Amino acid sequence: MIWNEAMECADPKDLKGIQSQRLKEIVAYIYKNCPPLKAKLDAAKISPKDINSIDDITKLPFTTKNDMRDNYPFGLFSLPLKEFKEIHVSSGTTGNPTVVGYTKEDIELWSEVMARVLCCAGANPNDMIQIAYGYGLFTGGLGFHYGALKMGLTILPASSGQTKRQLKLMTDFKPGILACTPSYCLYMAEEARDLGINPKEGSWKVGIFGAEPWSESMRKEIEATWNMLATDVYGLSEIIGPGVAQECQYKDGLHIFSDVFYPEVINAETGQPVKEGEKGELVITTLTKRGMPLLRYRTRDIVSIKYEKCRCGRTSPRVSKITGRTDDMIIVRGINVFPSQIEHVLLGIEGTQPHYQLIVDRKTGELDELEVQVEVEPKIFSDEIKKLKMLEDKIRKEIESILGIFVKVTLVEHKSIQRSEGKAKRVIDKRVL
């Protein structure tokens, strides 16, 4: 099922015409209604009359998270505050958090793209969905809720946490669709086994997982554990929340709804476009939002993009799974390290579990040290020291072959790494940089 065939399966030439018209309109709208972004356009010596087609998008300046923080809380809103019906706030790390606002029309847009997400993942109007993303200032839970309402699904608004209750809902109500973070899905499998529940016999047939990077190895782990189709959803609060892109059943890239969110992939250092299929930083322009539209927002997410028609019938461009971020990668001894690289190695080694932490430290006068703490299966941890040493050596050699640097591997007991009901905390950086 395709929710909006007219847009999701549009002829590329027709789609370009739609994108061009919408870009012209949104640039003129921003120039009139958003002083901080107007100032950026003026500084770049660009006015609305310079934008005549989607090809002119590269003339526009980039927008970054710093623009949002510098204009905290409502400086990037393009309408009076009374026009906004919902406000979300990020859980930012330093400085001011990012604030995003939605008008009534923006909520309708969010509902529309989330209905596309659900259909793309394989939902049908008679399905029941268990939403285990958080509700509140985080956009995940409400985004899925709005899309499910739009599509007509039966909703279990479980929110995050209370894992035993999540499993009881699954067991008793038998929802066919689960929406949560991938790490939490695997954590629920652990809890299910402890409660005597066989995950393979669970009711979830489709999982829609996002909010954190996850590897193909983790996908295989989830699918094998729960006997479900595990799909990737992509979004970010600054753009709309979840609903920017979604995998279909073929899992050959995430369909980005480019009539609404125009994607570019650039070289993160030069800002220039990369070739189709090459990795780069994803940049998104919101073509139809009115409360807080953004031009060429630098997501910092690393993807590649392709444009050929998918087997599912959709013609929308597809971005790869997120392989990392330009701003949260770890640089260790001059080497760029992404947690997803290490996760891929760990999930390919028998005896390890998909729970790990990377600890980076630098002692005075010494080089950076990267420690990888890995949980192992209880039966492995109880084995003789020689076998544990062999496993530790194997993990270290596999990681070093990928990264090209020395790593310290520490095997830890089952459940000794703190679990998260939201985004898993993968990296602890103790360096004073």
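Scanning region 65-106 for residues that are over 18 Å from Ile26 (Cβ atoms) and β-branched (Val, Ile, Thr) returns Ile87, Val89, Thr93, Thr94, Thr98, Val99.
Applying the selection to region 368-421, what residues are part of a strand (DSSP E or B), of a type in the set (A, V, I, L, M, F, W, C) and touching a Lys or Arg at 6+ places or on another chain (Cβ under 8 Å)? Outline the logic, then answer.
As a first pass, look at region 368-421 and keep what is part of a strand (DSSP E or B): 368-376, 408-412.
Keeping just the survivors that are of a type in the set (A, V, I, L, M, F, W, C) gives 370, 372, 374, 376, 409, 411-412.
Within region 368-421, Leu370, Val372, Val409 qualify.
Annotation: Asn124 fulfils all but one of (1) farther than 21 Å from Leu295 by Cβ; (2) touching a Ser or Thr at 6+ places or on another chain (Cβ under 7 Å); the unmet one is (2).
Here's the yes/no breakdown for (1) more than 20 Å from the chain's Cα centre (by Cα); (2) closer than 19 Å to Val89 by Cβ; (3) at pLDDT 95 or above:
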{"position": "Gly122", "(1), (2), (3)": "no, no, yes"}
{"position": "Leu142", "(1), (2), (3)": "no, yes, yes"}
{"position": "Gly147", "(1), (2), (3)": "no, no, yes"}
{"position": "Leu153", "(1), (2), (3)": "yes, no, yes"}
{"position": "Ser160", "(1), (2), (3)": "no, yes, no"}
{"position": "Arg165", "(1), (2), (3)": "yes, no, yes"}
{"position": "Asp172", "(1), (2), (3)": "yes, no, yes"}
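Okay, residues lined up against (1) farther than 23 Å from Gly143 by Cβ; (2) out of contact with any Phe, Trp or Tyr (no Cβ under 9 Å at 6 or more places or on another chain); (3) at pLDDT 95 or above:
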position: Val27; (1), (2), (3): yes, yes, yes
position: Lys32; (1), (2), (3): yes, yes, yes
position: Phe62; (1), (2), (3): yes, no, yes
position: Phe77; (1), (2), (3): no, no, yes
position: Lys82; (1), (2), (3): yes, yes, yes
position: Ile87; (1), (2), (3): no, no, yes
position: Ser90; (1), (2), (3): no, no, no
position: Thr103; (1), (2), (3): no, no, yes
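Would you call Glu377 of a type in the set (Asp, Glu) and under 27 Å from the mean Cα position of the chain (by Cα)? Steps first, answer last, please.
On the way: of a type in the set (Asp, Glu): yes; under 27 Å from the mean Cα position of the chain (by Cα): no.
Against the criterion (of a type in the set (Asp, Glu) and under 27 Å from the mean Cα position of the chain (by Cα)), Glu377 does not qualify.
Could you please find all residues in region 223-248 being part of a strand (DSSP E or B) and more than 30 Å from Ile87 (Cβ to Cβ)? Lay out the reasoning, then the answer.
Keep residues of region 223-248 that are part of a strand (DSSP E or B), which gives 229-236, 241-247.
Correct list: Leu229, Ala230.
A count restricted to region 163-222 and to residues that are part of a helix (DSSP H, G or I), over 30 Å from Gly253 (Cβ atoms) and basic (Lys, Arg) stands at 4.
Annotation for region 33-40: no member residue is assigned by TED's automatic domain parsing to the domain that holds Gly147, within 27 Å of Gly147 (Cβ to Cβ), loosely packed, with under 13 Cβ neighbours inside 10 Å and without any contact (Cβ under 8 Å) to a residue 24 or more places away in the chain. Just one of (1) over 27 Å from Arg22 (Cα atoms); (2) surrounded by fewer than 23 Cβ atoms within 10 Å (Cβ to Cβ); (3) touching a residue at least 40 places away in the same chain (Cβ under 8 Å) fails for Gly334. It is (3). Looking only at residues of region 281-307 that are in contact with a Pro (Cβ under 9 Å, 6 or more places away or on another chain) and not in a strand (DSSP E or B), we find that the one that is surrounded by the fewest Cβ atoms within 10 Å (Cβ to Cβ) is Tyr307. A Cβ distance below 6 Å, combined with a sequence gap of six or more or placement on separate chains, defines the contacts here; from region 292-305, residues that are within 15 Å of Pro213 (Cβ to Cβ) reach residues that are of a type in the set (S, T, N, Q) in the pairs Arg300/Thr326; Ile302/Thr323; Val303/Ser320; Ser304/Ser320.
Among the residues of region 349-367, how many are of a type in the set (D, E, K, R), in a strand (DSSP E or B) and modelled with pLDDT under 90? If you could, list the steps in order and put the result at the bottom.
Initially, region 349-367 is screened for residues of a type in the set (D, E, K, R), giving 350, 361-363, 366.
Checking which are in a strand (DSSP E or B) leaves us with 361-362.
Imposing the further condition that a residue be modelled with pLDDT under 90 reduces the set to 362.
Residues meeting the conditions: 1.
Within region 205-232, restricting attention to residues that are modelled with pLDDT of 95 or more and surrounded by fewer than 19 Cβ atoms within 10 Å (Cβ to Cβ), the residue that is farthest from Met114 (Cα to Cα) is Ala224. Among the residues making up region 96-126, those that are free of Cβ contacts under 8 Å to residues at least 60 places away in the same chain and of a type in the set (D, E, K, R) are Lys104, Glu108.
The values are calculated or read from the model by the stated rules, or taken from the named source; none is laboratory data. A quick note: this is a predicted structure, and the numbers were derived from the prediction, not measured. Note that we place each Cβ from the backbone using ideal geometry, even for glycine, and neighbour counts take in every protein chain shown.
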